[in-house]
1. Determine whether Asp86 is closer than 18 Å to Lys11 by Cβ, modelled with pLDDT of 95 or more and among the charged types (D, E, K, R).
2. Report the residue count in the stretch 32-69 for those that are surrounded by 11 or more Cβ atoms within 10 Å (Cβ to Cβ) and either in contact with an Asp or Glu (Cβ under 9 Å, 6 or more places away or on another chain) or not basic (Lys, Arg) (or both).
3. Looking at the stretch 67-88, which of its residues are touching a residue at least 60 places away in the same chain (Cβ under 8 Å) and out of contact with any Lys or Arg (no Cβ under 6 Å at 6 or more places or on another chain)?
4. Look at the stretch 7-30 and say how many of its residues are assigned to a loop (DSSP other than H, G, I, E, B), more than 11 Å from the chain's Cα centre (by Cα), farther than 13 Å from Ser51 by Cα and not polar (S, T, N, Q).
5. Restricting the search to the stretch 33-61, which residues are in a loop (DSSP other than H, G, I, E, B), in contact with a strand residue (DSSP E or B) (Cβ under 7 Å, 6 or more places away or on another chain) and over 21 Å from Gly78 (Cα atoms)?
Amino acid sequence: MSRISTGNYMKASQLSESGDTYVVESCVEELIPSQTGPDESKWVLRVEGESKPLILNSTNVLRLVAVMGTDETDDWVGRNVVLYNDPTITYGGSVTGGCRVKAVKSKKRAAIGEKDLTDVPF
């Protein structure tokens, strides 16, 4: 897994396929520069230990809302989340891979067999 990356935002190649746990620092809307048109407003996730934030697509926003149990992003601060590289993601008809988010697997839930949101299908 390569940790060196150019650009201002996190890329899938910076993440492992098994994923790593991070603590959420913030999630805010930002204007992201576009190479093909006007700047776009996107949700951007910042996590402790990473200098580059992750631009969230609509799937990852929905997954975070499900994992966190709220769409109030201020309530996500200080909570754990797993970021991972999913090589099966498609874009524009091609398999490109990409970043995904999921819940931290709870030992308590695993022990009692309770369903968690670790692999929420979207």
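1. yes
2. Residues flagged as surrounded by 11 or more Cβ atoms within 10 Å (Cβ to Cβ) and either in contact with an Asp or Glu (Cβ under 9 Å, 6 or more places away or on another chain) or not basic (Lys, Arg) (or both) within the stretch 32-69 amount to 24.
3. Within the stretch 67-88, Val81, Leu83, Asn85, Pro87 qualify.
4. 1
5. The answer is Ser34, Asp39.
The values are calculated or read from the model by the stated rules, or taken from the named source; none is laboratory data. Quick caveat: nothing in here was measured; it's all calculated off a predicted structure. Neighbour counts are summed over all protein chains in view; Cβ atoms, including those assigned to glycine, are modelled from backbone coordinates with ideal geometry.
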